Amino acid sequence: MGGGTGNGGYFCGLVALAAGPGARAVEIKRATGVPLDRPLTVRIVADGAEVHDDEGLIARTSAAEIAVAVPAPPALEVARRVSGRFLERLESGEIRHTFPECFVCGHQRV
């Protein structure tokens, strides 16, 4: 992906609306980054919705059950230390970010 992809969270929120107003929880599986400056088509399917562009599937929704257990936040010093270690591992190539230039979560965003 790169700088030419849209905000995945915003996109997923819009796609969740396409699944129907009665849906309590929606799972969205993105097949690729969200393309910008090209038309997208939403197709309602039996178990949710699909979003396509001319090149193929972008995302698919389905009904989901979500159980959330919210953990306590880490101490600020711990969060800083761990985020630094994460960046070191990214830069060394030990781990890989799926969308490094993502506007929201990418470590290489401009």
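Throughout, read-outs are computed from the coordinates displayed, never taken from laboratory work. Everything numeric in this text was worked out from a predicted model, so none of it was measured. Heads up, the Cβs are rebuilt from the backbone with ideal geometry, glycines too, and the neighbour counts pull from every protein chain shown.
Some observations on this one:
- Sorting the segments 76-89, 4-17 by their mean number of nearby beta carbons within 10 angstrom, highest to lowest, gives 4-17, 76-89.
- Electrostatic dipole magnitude of the chain [Cβ: Lys, Arg +1; Asp, Glu -1; Cα centre; debye, to 20]: 280 debye
- Read-out semi-axes √(5λ) of the Cα gyration tensor in Å, derived from the coordinates shown; its label in (1) 42, 24, 9; (2) 28, 21, 12; (3) 30, 21, 10: (3)
- Using alpha-carbon coordinates, inclination of helix 76-92 to the longest axis of the chain, degrees: 80 degrees
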